[in-house]
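Read through the structure below, which is laid out as structure tokens, and then see the notes.
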Amino acid sequence: MKFFPLSTLLVLFLFSCSPDTQPTLGVYYTLSVDAGVGGQVSQTGGTFEKGTVQVIQAIADPGYIFDRWEGWSGDQTASLQINLDQPLNLKAIFRYNTQSIGTQVPLIIQDFVDPGYVLAIVNGAKTAYLLDHQGNKKHTWTFEKALGQDIELMDDGTIMGAFKAPNPSVAYGGQNGLIQHIGLDGSVLWNYSIMGPDFIGHHDIEIMPNGHVLALVWSRMSREVAQSMGLEIDTDVFPEKVIEIDPVTSEIVWSWDSRDHLVQGLRPGGPNYGDPNASRHKINFTYQNEVDIHEFVGQGDIMHINGLDYHPEQDIIALSVNFYGEVWMIDHSTTTAEAQTGSGGRYGRGGDLILRWGNPNVYGTYGQTQQLHYNHHPSFIEKEGKTLLSLFHNNKEANGYSEAYVFDLSFLKPGVAVDTQVPVHFSFSDPSMFFPRVGGVQTMSNGNLLITEGDYGFWEVNPQGLVVWKYDGLGVSFWRGMYVPTNHPALSKLSAN
């Protein structure tokens, strides 16, 4: 509702019953009535003669209660009887009724919110739910197995998810071992094991436009081989792989292995010897010798990629490399054979990195400024002709608060230097927003950011950096939240079911 200026209207009535009749002056006032988020009002006002009694009622929506009237210093009850003796501009303010839902206090609305939904993925639990912006759980999924972090909502309302396999062969934080397609009735439509003695799936999956599934895999390297390349470790290690699975045939149709793209500068004559600073398209295998990153490193988890996303037009994959503090871009247009080399594909570099940023210490002289620390959830979007990538920056080692970044990758094309500085399109931080472990950020269709603060809940921030919505999960840990627009085809399927 729009507000109009208040004014006092003086209306002159001329009575011409006789030449001796004098003009009589009537006094009129303007009354404007509006409602804030969470309710409505019984009338919107108008222009009334002085002394008119106006009855106004504030009506709270379900889950809200009336709080107060702005612009009124009198009785603060939901129903007012006003003897109008001045111009008034009233607004009914409502607040969320925490008693209406027992112990959960999920909602703080600060401004306009998008009418879509949030797919709230509970971290490592057996449940996920679809939230509206009033904090209502519109649909809840309960799974037989615990989540191995990520799930994807399919157009037909089914779920593709990564789940924890029993007796995992590798048990770092984030492992799964199973990918399952769950039907509307909870039945398992497809089950794919991604676990063996020397490998296990972990963290994230991504559904490609052709229906294939991209997945992350830890793959064993013996400690002897690792030590021959200068890694100071006394256990087997698990570098990263990316695989593409066709769920129709259950075959791996494409793969990329980080072990094909390593460089180390500590063992002359050893495998992959070279200068990491001169080979920035390669992965410095011994970086972890120089820094104390995480307890998992000593157990063999030396890279810890925790998120991936696919850009179909560019045919590239973004990888969030947690323990390196970097984002890596790899070329999916290669064949699997080309992905094992340093040539071929659209970008001409085979499976070597086509772009990296976040931590120049990885390949350069240590002590340089590090932009990213423990990042999560790379997510592409095309917006206003630009290729953007959002990323959650946990920022454990820097300022003590987390940040949401949106990077502009519009410059990316064949021939661009692998260590090109990536411009920041937008960023948001708040001193109260911090979690050193999981988290996420996604650019929504309206341009807002949906941010997952893992130990709190969700933030929605508009392009001007204003917080427009927050959801408090009351101690629930969230892996990530995914925006589901109101026109998503899955919603009608879920509603019908």
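The values are calculated or read from the model by the stated rules, or taken from the named source; none is laboratory data. Predicted model, so just to flag it, every value in this text is computed and none were measured. Backbone-built Cβ (ideal geometry, glycine too); neighbour counts: all protein chains shown. The protein model used for the area step is the full one, side chains on, heavy atoms only, and it has no ligands, DNA or RNA in it. Shrake-Rupley method; radii C 1.70, N 1.55, O 1.52, S 1.80 Å.
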- Which of (1) under 20 Å from Pro414 (Cα atoms); (2) assigned to a loop (DSSP other than H, G, I, E, B); (3) among the charged types (D, E, K, R); (4) open to solvent by less than 10 Å² (accessible area, probe 1.4 Å) does Arg356 not meet, given it meets every other one? (2)
- For Gln99, work out the one condition from (1) touching a Lys or Arg at 6+ places or on another chain (Cβ under 8 Å); (2) open to solvent by 40 Å² or more (accessible area, probe 1.4 Å); (3) modelled with pLDDT under 85 it doesn't fulfil. (1)
- Query: Do we find that Phe411 is surrounded by fewer than 17 Cβ atoms within 10 Å (Cβ to Cβ), more than 15 Å from Glu326 (Cβ to Cβ) and among the aromatic types (Phe, Trp, Tyr) in this structure?
  - Reply: yes
- Message: Step by step: first the residues of region 336-353, then only those that are in contact (Cβ under 8 Å) with a residue 60 or more places away in the chain and in a helix (DSSP H, G or I), then the one that is surrounded by the fewest Cβ atoms within 10 Å (Cβ to Cβ). Which residue is that?
- Response: Thr336
- Task: Look at Ile233 and say whether it is out of contact with any Asp or Glu (no Cβ under 9 Å at 6 or more places or on another chain) and under 27 Å from Tyr287 (Cβ atoms).
- Result: yes
- Expected single match for closer than 20 Å to Ala339 by Cβ and at pLDDT 95 or above among Ile200, Ile243 is Ile243
- Has region 307-321 got at least one residue that is in a loop (DSSP other than H, G, I, E, B) and touching a Pro at 6+ places or on another chain (Cβ under 6 Å)? yes
- Determine which member of the set Ser320, Ser333 is of a type in the set (Gly, Ala, Ser) and open to solvent by 10 Å² or more (accessible area, probe 1.4 Å). Ser333
- Message: Can you confirm whether Val321 is touching a strand residue (DSSP E or B) at 6+ places or on another chain (Cβ under 6 Å) and touching a residue at least 12 places away in the same chain (Cβ under 8 Å)?
- Response: yes
- Could you please let me know if Phe392 is surrounded by fewer than 16 Cβ atoms within 10 Å (Cβ to Cβ), among the aromatic types (Phe, Trp, Tyr) and under 22 Å from Ile330 (Cβ atoms)? no
- Message: Which numbered condition in (1) farther than 22 Å from Gly201 by Cα; (2) in contact (Cβ under 8 Å) with a residue 60 or more places away in the chain; (3) open to solvent by 20 Å² or more (accessible area, probe 1.4 Å); (4) among the aromatic types (Phe, Trp, Tyr) is the only one that Tyr310 fails?
- Response: (1)
- Item | Residue satisfying all of: in region 456-469; assigned to a strand (DSSP E or B) and at pLDDT below 90; nearest to Tyr405 (Cα to Cα) among these | Val467
- Message: Restricting to region 473-497, give me the number of residues that are over 26 Å from Ser320 (Cα atoms) and either open to solvent by less than 40 Å² (accessible area, probe 1.4 Å) or out of contact with any Gly (no Cβ under 6 Å at 6 or more places or on another chain) (or both).
- Response: 11
- Condition set open to solvent by less than 70 Å² (accessible area, probe 1.4 Å) and assigned to a loop (DSSP other than H, G, I, E, B), scope region 61-83, selection modelled with the lowest pLDDT: answer is Gly63
- Which residues, taken from region 414-443, are among the hydrophobic types (A, V, I, L, M, F, W, C), surrounded by 20 or more Cβ atoms within 10 Å (Cβ to Cβ) and touching a strand residue (DSSP E or B) at 6+ places or on another chain (Cβ under 6 Å)? Val422, Phe428, Met433, Phe435, Val438, Val441
- Item | Output for region 429-446, where each listed residue is of a type in the set (A, V, I, L, M, F, W, C) and modelled with pLDDT of 95 or more | Val441
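Please tell me if Phe392 is at pLDDT 95 or above, of a type outside the set (S, T, N, Q) and in contact with a Gly (Cβ under 8 Å, 6 or more places away or on another chain).
yes
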- Item | Contacts under 8 angstrom Cβ, first residue in region 411-432 being under 15 Å from Phe392 (Cα atoms), partner among the basic types (Lys, Arg), 6 or more apart | His425/Lys386
- Item | Some residue of region 410-433 being more than 25 Å from Arg356 (Cβ to Cβ), under 14 Å from the mean Cα position of the chain (by Cα) and part of a loop (DSSP other than H, G, I, E, B) | yes
- Would you be able to tell me the number of residues in region 213-250 that are under 13 Å from Gln180 (Cα atoms) and part of a loop (DSSP other than H, G, I, E, B)? 3
- Message: Restricting to region 193-222, name every residue that is free of Cβ contacts under 8 Å to residues at least 40 places away in the same chain and exposed (fewer than 15 other Cβ atoms within 10 Å of the Cβ).
- Response: Ser193, Gly196, Pro197, Asp198, Asn210, Gly211, Ser222
- Message: Based on this model, can you work out whether His281 counts as open to solvent by 30 Å² or more (accessible area, probe 1.4 Å), part of a loop (DSSP other than H, G, I, E, B) and modelled with pLDDT under 95?
- Response: no
- Pro276 vs. criteria assigned to a loop (DSSP other than H, G, I, E, B), in contact with a Phe, Trp or Tyr (Cβ under 9 Å, 6 or more places away or on another chain) and open to solvent by 10 Å² or more (accessible area, probe 1.4 Å): yes
